[in-house]
Amino acid sequence: MALPFSSVRVLDLTNVIAGPLCSHQLAMLGAEVIKIEVPGTGDLARKMGADPALGERLMGASFLALNAGKKSLTLDLKKPRGKDVFKRLLRDADVVLENFRPGTMTKLGLDYPALKAVNPGVVYCAVSGFGQAGPLAQRPSYDQIIQGFCGLMSLTGDEKTAPTRAGYVACDTMAAVTAAFAVAAALLRRHRTGEGEMIDVSMLDASLTTMAAWPVSNYLNAGKAPVPMGNESHSASPSGTYRTGDGFLNIVNNEQKQYEALCDVIGRPALKSDPRFADRNARLRHRAELRVLLEEALQAKSAAEWERLFNDANVPAGPIFTVPEILAHPQVESRGLIKRFGKVDGVGRNVAVPRVGFQLASGQPDVAAPPPRLGQHTDAVLQAAGYSKDEIAVLRREGVV
């Protein structure tokens, strides 16, 4: 069966992570994503990643992660004829995605009002650090800047190690997923009403909304400012990372029955009735004392042994894997999360990329083509838009493509 966005065409002007990860989601769901890149250099991510040799070939590991299934068209939007080409492509497009600093598309004459005049039904999505308006709108921003702004860094680590950045680009990722969701909503609305939409995605806004359930709501609605607690949970105890006889183990007890089962599994049933630990609030007040007693009992077995015993008793527990370990895990393999390509042109080796984080009964979200070389599809995209080979040759001579 056709994937949900199989009839959707996206003109993707984005770079690095927040925008490309958004269009990656759309491509995996069947959208035709035309990645419009600066001639000669392309997406900055083409030079980034852990393998410098790939970066020299403009096929950096960072680029490979988020651009499978897309078509690469080189186009200079600063040139008048480049703008003309873009507007011709726009006629048959459904979505325009960009993550420039606010005002850049206005300077190019390609902002939402200008594009809406060409294609009234277009869904235009702009992703930026702070949004298109507000006192910080014009500030340059990257993931770590937003991690600092949104409070995430202030909560990561413990009282000795905070502030610490998250171990991956959390704020870029939140903005990308938010943008993909917003585009999907706008396309559904257009299907019902025929109306296009302007979407303003702020990395700061998107990150704060993902913190709503505990840190933000606890402050707004309970008057308690969150503090860094390391691997401890602010909402329950015992919940966190515990030292065993061999290795560390994550344990989460959100329910009373889970705590009582844990006490039985570790052979300390008296802890169930100990007044310091008998109910949730008491355990929170005495979490440090409880940790000492639990880790003392946990020394009797390894993390792997305790994990098996706890889960058999319906006590949530799990290991702390490295990235290589979880990628090799049978659970990940069974879900088909990793898409594998054979030897990829421009890379010279096999390439693997993650799909999306859900499955559909109607068909696995997927793409057929590997990440493209810079400008790989320029001629094909322009010919499909009605340009002749001679016209394309002129555009090349003029440096437009």
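Some notes on this structure:
- For ILE199, nonlocal amide neighbours, meaning residues 5 or more places apart or on other chains whose placed amide H falls under 5 Å from its own, are TYR124, CYS125, ALA126.
- Under the Karplus curve 6.51 cos²θ - 1.76 cosθ + 1.60, θ = phi - 60°, whole-Hz ³J(HN,Hα) for segment 360-367, x wherever Gly or Pro sits: 10, 5, 7, x, 5, x, 6, 10
- Integer Hz, Karplus 6.51/-1.76/1.60 couplings in order for segment 257-264, x for Gly and Pro: 5, 5, 4, 5, 5, 4, 4, 5
- Fully extended contour minus Cα-Cα distance, from ASN281 to VAL38, at 0.36 nm per residue: 81.7 nm
- From phi via Karplus (6.51, -1.76, 1.60), per-residue ³J(HN,Hα) for segment 335-350 in Hz, x at Gly/Pro: 7, x, 5, 9, 8, 10, 10, x, 4, 9, 4, x, 10, x, 7, 5
- Filter on LYS83/LYS389; LYS47/LYS389; LYS160/LYS272; LYS87/LYS107; LYS83/LYS107; LYS78/LYS389 - keep pairs with C-alpha separation over 21 Å: LYS47/LYS389; LYS160/LYS272; LYS78/LYS389
- Residues THR161 and ASP366, FRET efficiency given R0 of 41 Å [Cβ-Cβ distance, rounded to 0.05]: 0.55
- By other beta-carbon atoms within 10 Å, ranking MET28, MET203, MET1, MET198 with the fewest at the front produces MET1, MET198, MET28, MET203.
Each reported figure results from applying straightforward, stated rules to the coordinates on display, with no laboratory input. No experiment lies behind these values; they were computed from the predicted model shown. Please note: Cβ atoms are built from the backbone with ideal geometry, for glycine as well, and neighbour counts cover all protein chains shown.
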